[in-house]
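Take a look at the structure below.
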Amino acid sequence: MRPTALYLVVTAFILSACANGFSNKQASAPDAGHRGDAAAISRVLDNLHDAASKADEARYFSLFYPGGVFLGTDATERWTIPQFREYAHARFATGRGWTYTLVERHIDFSPDGDAAWFDELLNNSRYGLCRGTGVLLRDGSTWKIAQYHLTIPVPNDIAEDVANQIKAR
């Protein structure tokens, strides 16, 4: 599936779930039908962060869905997985990756259980508190990351100042 088509499918799915009155469920307390899937998804995300911290390029990129995307903290950073791999390859080749440590994670599921979305708070030594959000799709008996978006949450009391700095660039 092309990235644009994947984006449209994921967006339509999320809007449909919201329109149908879908309720939020946290990974810490999923309903009985999703408990195993929530654990499997957490393992995928934990594996992603572990592979990144160990600069394990093959393992890291094996966790992404074909046609997936990675959105970085900069507005220009929207990469297909092959583009992101090209960018990350030089970093991983040095033996240095990046380390984000989990603080909190929430996982929600589509009504059919074949898609899930998450948000997680992460600590990073350089950036401090960060947020990862994304979508995973069931791929046979495994889960793959279709979209990962890394952000730096901006406290409301400094948001206007940060926005003005960005506008001034």
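Just so it is clear, none of the values below were taken in a lab; they were calculated from the coordinates. The structure displayed is predicted, hence computed values, not measured ones. Here the Cβ is made from the backbone with ideal geometry for all residues, glycine too, and neighbour counts use every protein chain on show.
Computed values, structure above
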read-out: Sorted by Cβ neighbour density within 10 Å, fewest at the top, the residues R126, R59, R96; value: R126, R96, R59
read-out: Point-charge dipole on Cβ atoms (K/R +1, D/E -1) for segment 63-169, about Cα centre, debye to 20; value: 500
read-out: Theoretical gain in end-to-end length, R78 to Q165 [0.36 nm per residue, Cα-Cα removed]; value: 29.2 nm
read-out: Förster radius 30 Å - calculated FRET efficiency between E104 and K54, Cβ distance, rounded to 0.05; value: 0.85
read-out: Cα-based shape type of segment 113-162, given that a ≥ b ≥ c are square roots of the gyration tensor eigenvalues and the cut on a/c is 1.5; value: prolate
read-out: FRET E, pair D119, I158, Förster distance 22 Å, beta-carbon r, rounded to 0.05; value: 0.55
